Amino acid sequence: MRGAVMLDRIIYVTGYGRSGSTLLDMMLGAHPQVFGAGEMSTICRHVWPNDEYCACHARVRACPLWSDAVTEWQASGIDLDRHAMLQRRIEPILSHARRGAALRDYCDQTLALYRIVARRTGRPVLLDSSKSPGRALALARAGVDLRLIHLVRDPRAVAHSMSVPMQVDTEAGVQKTLPAHPVARTALRWSFVNAGAEAALRRIAPAHGLRLRYEDLVADPQGALARIGATVGLDLDAVGAAIAAGGTIAAEHQVAGSRIRMTGAMTLRPDMGWQRRMSPRAQAVVAGLCGARMRRYGYAAGGTGSASA
Ligand SMILES: [Zn+2]
């Protein structure tokens with residue numbers, strides 16, 4: 001009875017890039033009620049216009065889910081270019097447009113697509129891992145049951161990851177050539193975006209929001225999923241037990257996200273390689289710029305950040 005399924009709630013993952021949001025999307029998507037949609041904010045901005053690859057390895061305009069869902073959304077009167085324009089006004093963290101008619105239009109149009117996807121997938125809980133705090137700030141005012149997960153990762157790991165350039169390979173999930181970013185730039189942006197995510201968390205009921213560290217998610221997936229389950233109102237114990245026992249997770253139709261969504265079924269493997277590969281000097285630069293926030297999240301600026309938040 002797929003046609004009978006109505007959107008019940010949104011799980012939104014916010015935070016900075018390279019923090020494990022695609023991994024978390026895949027883990028939560030293993031629950032039968034949850035559809036892990038990936039970074040939905042990219043659909044109008046570049047995924048649909050460029051006909052990029054869905055995690056199912058079809059181009060999005062040929063994907064059995066997104067081609068029909070977006071076509072239905074357009075048929076309801078949505079102009080994708082105009083929606084992208086609305087996004088440019090609403091989604092910046094410091095936007096002044098996040099009120100009035102523009103905000104209403106943005107929320108109405110976004111929720112319309114969420115509802116279409118819930119109905120077409122037959123899953124009442126939609127997970128959008130777009131990350132953008134501005135999108136979370138807007139959705140917090142949309143009058144929808146929103147559950148927010150603020151995913152953080154040690155900024156040294158993030159800065160190291162972004163210091164390695166990546167060549168474009170759309171089929172492998174890299175949508176454009178990514179230059180090497182200086183670690184100081186990443187450190188400053190990490191602080192700014194996480195401050196925005198904290199502002200979004202303050203906008204919703206405390207019981208409906210959670211800050212989660214990537215390091216805790218991969219070290220103890222069962223414990224992390226139990227905490228997430230309490231926040232999002234789902235029993236995730238079976239999913240957590242399966243992953244902790246070495247069971248595989250796989251992307252389905254994540255419309256955008258990191259390249260791991262293209263790798264097929266995979267087991268959970270903590271990625272802590274930065275601790276070996278990142279120079280002490282680069283680590284010190286990041287710790288110097290992010291120190292106060294790092295400590296607040298439980299990362300010891302002089303160590304490897306194993307304390308609990
Ligand atoms: Zn697909």
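Hey, what do the phi angles of the stretch 58-65 turn into as Karplus ³J(HN,Hα) couplings, whole Hz, using 6.51/-1.76/1.60 and θ = phi - 60°, x for Gly and Pro?
8, 5, 4, 6, 10, 5, x, 8
How long is the gain from MET166 to ARG61 if the chain were fully straight, where each residue apart is worth 0.36 nm and the alpha carbon distance is subtracted?
So the chain would gain 35.3 nm between MET166 and ARG61.
Which whole-Hz couplings ³J(HN,Hα) result when phi for each residue of the stretch 180-191 is put into the Karplus expression 6.51 cos²θ - 1.76 cosθ + 1.60, θ = phi - 60°, listed in order with x for Gly and Pro?
In residue order, the calculated couplings are 6, 9, x, 5, 5, 4, 4, 4, 5, 5, 4, 5 Hz.
Identify which of ALA142, ALA30, ALA180 has the largest mean-square fluctuation in a Gaussian network model of the chain, with springs joining Cα atoms closer than 10 Å.
ALA180
Give me the percent of the accessible area of the chain that comes from carbon and sulfur atoms, probe 1.4 Å, all protein chains in place.
Carbon with sulfur: 52 percent of the solvent-accessible area.
Efficiency by 1/(1 + (r/R0)^6): what FRET value for ASP79 and ALA250, r their Cβ-Cβ distance, R0 = 45 Å, to the nearest 0.05? Intermediate results must be reported in sequence, preceding the final value.
Values: r = 34 Å, r/R0 = 0.75.
The value I calculate is 0.85.
Which of these, LEU289, LEU137, LEU23, has the largest mean-square fluctuation under a Gaussian network model of the chain (Cα springs below 10 Å)?
Highest fluctuation of the listed residues: LEU289.
Share of antiparallel DSSP beta bridges in the stretch 2-296, in percent to the nearest 5?
Bridges in the stretch 2-296 are about 20 percent antiparallel.
Determine ³J(HN,Hα), in whole Hz, for all residues of the stretch 88-104 in sequence, where each value follows from phi through the Karplus function 6.51 cos²θ - 1.76 cosθ + 1.60 and θ = phi - 60°; x replaces Gly and Pro.
5, 7, 8, 7, x, 4, 9, 4, 9, 8, 7, 6, x, 5, 4, 5, 4
On a full-extension model of 0.36 nm per residue, what is the gain between ALA230 and ASP51, subtracting their alpha-carbon distance, rounded to one decimal in nm?
Gain in length upon complete extension: 60.7 nm.
Which of rounded, prolate or oblate describes the stretch 43-195 when judged by the alpha-carbon gyration tensor and an a/c cut-off of 1.5?
Taking the square roots of the gyration eigenvalues as a ≥ b ≥ c, the stretch 43-195 is oblate.
Which length gain, in nm to one decimal place, applies between ALA207 and ARG295 when the Cα-Cα distance is subtracted from 0.36 nm times their residue separation?
Contour length minus the Cα-Cα distance gives 29.3 nm.
For an R0 of 41 angstrom, estimate the FRET efficiency from the Cβ-Cβ distance between GLN222 and SER279 and round to the nearest 0.05.
E between GLN222 and SER279, to the nearest 0.05, is 0.75.
Please identify, among MET27, MET40, MET85, the residue showing maximal mean-square fluctuation in a Gaussian network model of the chain using a 10 angstrom Cα cutoff.
Greatest mean-square fluctuation among the candidates belongs to MET85.
Please state the shape class of the stretch 2-296: rounded when a/c is under 1.5, otherwise prolate if a/b exceeds b/c and oblate if not, all from the C-alpha gyration tensor.
Numbers: a/c = 1.37, a/b = 1.27, b/c = 1.08.
Rounded, because the longest to shortest axis ratio a/c is under 1.5.
The values are calculated or read from the model by the stated rules, or taken from the named source; none is laboratory data. Bear in mind that the values here come from a model prediction, so they are computed numbers and not experimental data. In this analysis, Cβ positions are derived from the backbone assuming ideal geometry, glycine residues included, and neighbour counts consider all displayed protein chains. The area values use the complete protein model at the heavy-atom level, side chains included, leaving out ligands, DNA and RNA. Shrake-Rupley method; radii C 1.70, N 1.55, O 1.52, S 1.80 Å.
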